[in-house]
Amino acid sequence: MVDDITPDETLDCRGLSCPMPLLKTKKAVGKMKSGQILEILGTDPGTKNDLPSFTKRAGHEYLGEKDDDGFIRFYIKIK
Amino acid sequence: MNHTDEKGVFAGILNRGYHTIFYENWPVWLGGLLIGITSVITFAWARPWGVAGGLKNWGDWFFNLVGLYEYKPTSPMVSTSSILTFGLLWGSFGSSLMSKQFSIRMAPPLELLKGIVGGILMGIGAAMAGGCNVGGFYSAISALSSSGIAMMIGLIMGAYLGLRYLYWELEHLPTGSTGGDRTEKKENRLDWLAVEPYLGALVFVAAIIYAWLFSRQAYSRVGGLLLCGSAFGLIIQRTRFCFVRGFRDPFMTGNGEVTRGIAISVVISMLGFAALKWTGLRGEGVYVPQAFWFGGLVGGIIFGIGMVIAGGCGSGSVWRAGEGHVKLMLAVIFFALSTSLFKALIRSSRGLNALMGQRVFLPDYLTYKWSIILVILIMFAYYLASTWNEETDKFTVEM
């Protein structure tokens, strides 16, 4: 499902731990336009729990995640 | 059904059980519930759960080794505080291996510095409050100590201040937390992820063998505490139960999920502690630190700032270190060193020691019945406030 997504922006959070990926996402989302897709690269397992609950609360759409070589790609569609 | 089929069914059951425990996310409220129960079991077995005491023991041991302290602390091998904290680290390490989540995670330089500074602040705060978010807040409130309530207020204030710093940093030093690939790529490297669950199982088997060896040396209590600590590590790693989130998230994202988990957990733990103390099975003064109100409140504020900057509290830093985060490993090391030094400083000065405050055991003033009701009311109010904030975002701080 998330294999053929082309993101508008990519936020590299590899090596960062909670809460930095979430805070940086919160900031990046604020600068994007409705309908755009943000890709977040992360290595903290906690991000798997934090991002979906944050996007849901903020009203954005959580498109999903996929594992890459040693990190995870997360996708959010801005409301 | 033939014999081969039965074996297949049994393997299927084991496989499903493994997936449920180590692959699927556990809900946060379940974490609160299980931590509460394990807290009571730990106290019934030997003593209340704490984390900073173990770190202090390691710091004391280090400073004695390098010749700074004359007094010799209890050996980290048999100190109950040390074993509980070691168990937390060990359990989290085993659990992250079992769930294929262990990896050495290097962070950018500013993040590493934040781990160090956060660790130092937490060490100071814990020395003042008579414990970290576990011993100074969680177990202290459970033990019906008013310093636990003072530290709770301090932690809320400190988490708010720490978050303001993080917002400032994102605005003024955004490059400091730039992510990137910091792992060394090796061709034909061993597929560690496939091996991790087996290593994780070995880690837990080793904990059981170690506990058994302790009991053979007439240290059954210590061995049991290693298993209690490991249980905390497993539960906390799987539920990602993070006290920092409980105090910080209402301000950061408005999410009150962990706050509610903490409130439920404290009530369960407190009821167990109250039963053990009220019936005389455990001493009334246990985990009533001499920290009401200055040490608890101000220590809580300093600790709260530190835990938000480091991204992990006493328990959170230890279990994340066990998952391989280098930033939190630094936080743990500097927490241990600073809490040992600052505690020594407080003890060396009569004035400073008196400033921290009094030991106040709530039932001495309110009776057991009203103390229990008071703690339940405080936790209920905390639960309601976080849920109300989730709906209204009244406390949420915008960037």
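The values are calculated or read from the model by the stated rules, or taken from the named source; none is laboratory data. Here the structure is a predicted model, which means the values were calculated and not measured. Don't worry about glycine lacking a Cβ; one is built from the backbone with ideal geometry, like all the others, and counts go over all protein chains shown. Each accessible area value is taken on the protein alone, full model and side chains, heavy atoms only, with ligands, DNA and RNA left out. Shrake-Rupley method; radii C 1.70, N 1.55, O 1.52, S 1.80 Å.
Annotations
- Taking one quarter of the surface of the C-alpha convex hull of the range B:248-319 gives a mean projected area of 6.2 nm².
- Of B:Leu193, B:Leu281, B:Leu227, the one that fluctuates the most in a GNM where chain B has Cα springs shorter than 10 Å: B:Leu281
- Shape descriptor for chain B: Rg over Rh equals 0.98 (Cα atoms; Rh from the Kirkwood inverse mean 1/r).
- Applying a DSSP loop filter and a limit of 12 other Cβ atoms within 10 Å to the chymotrypsin sites (Phe, Trp or Tyr not before Pro) in the range B:66-162 leaves B:Tyr71.
- Chain B, relative contact order in percent, only Cα pairs under 8 angstrom and at least six apart counted: 33 percent
- Out of every Cα-Cα pair that chain A contains, those further apart than 19 angstrom amount to 24 percent.
- Computed with the Debye formula from one identical point scatterer per Cα of the range B:271-389, without solvent, the log10 of I(q)/I(0) at q = 0.10, 0.20, 0.21 Å⁻¹ comes to -0.46, -1.19, -1.19.
- Extension gain, B:Ile153-B:Leu352: 0.36 nm per intervening residue step, less the Cα-Cα distance, totals 69.5 nm.
- Taking every DSSP beta bridge that has both ends in chain A, the antiparallel portion is near 70%.
- B:Thr74 versus A:Lys66: modelled label distance in nm, points set 7 Å from Cα along the beta carbon direction: 5.4 nm
- In the range B:243-333, the GluC sites (Glu not before Pro) that fall in loop regions by DSSP, at most 11 other Cβ within 10 Å: none
- Over the range B:73-150 - Rg/Rh using Cα atoms and the Kirkwood inverse-distance radius: 1.05
- Among B:Thr339, B:Thr253, B:Thr175: highest mean-square fluctuation, GNM of chain B, C-alpha pairs under 10 Å: B:Thr175
- Total accessible surface hidden between A and B, rounded to 100 Å², 1.4 Å probe: 2600 Å²
- Bridging of A:Lys48 to lysines at a Cα separation below 22 Å is possible for A:Lys24, A:Lys26, A:Lys27, A:Lys56, A:Lys66, A:Lys77, A:Lys79, B:Lys100, B:Lys327, once same-chain residues fewer than 8 apart are set aside.
- Eligible aspartates and glutamates near B:Lys56 by straight Cα distance, threshold 20 Å, same-chain separation 8 or greater: B:Glu70
- Per residue of A:44-54, other chain Cβ atoms within 10 Å of the residue Cβ number 5 on average.
- Per DSSP, loop GluC sites (Glu not before Pro) in the range B:335-399 with at most 16 further Cβ within 10 Å: B:Glu398
- Note on chain B: with a GNM built from Cα contacts shorter than 10 Å, the maximum mean-square fluctuation among B:Ser220, B:Ser315, B:Ser230 falls on B:Ser220.
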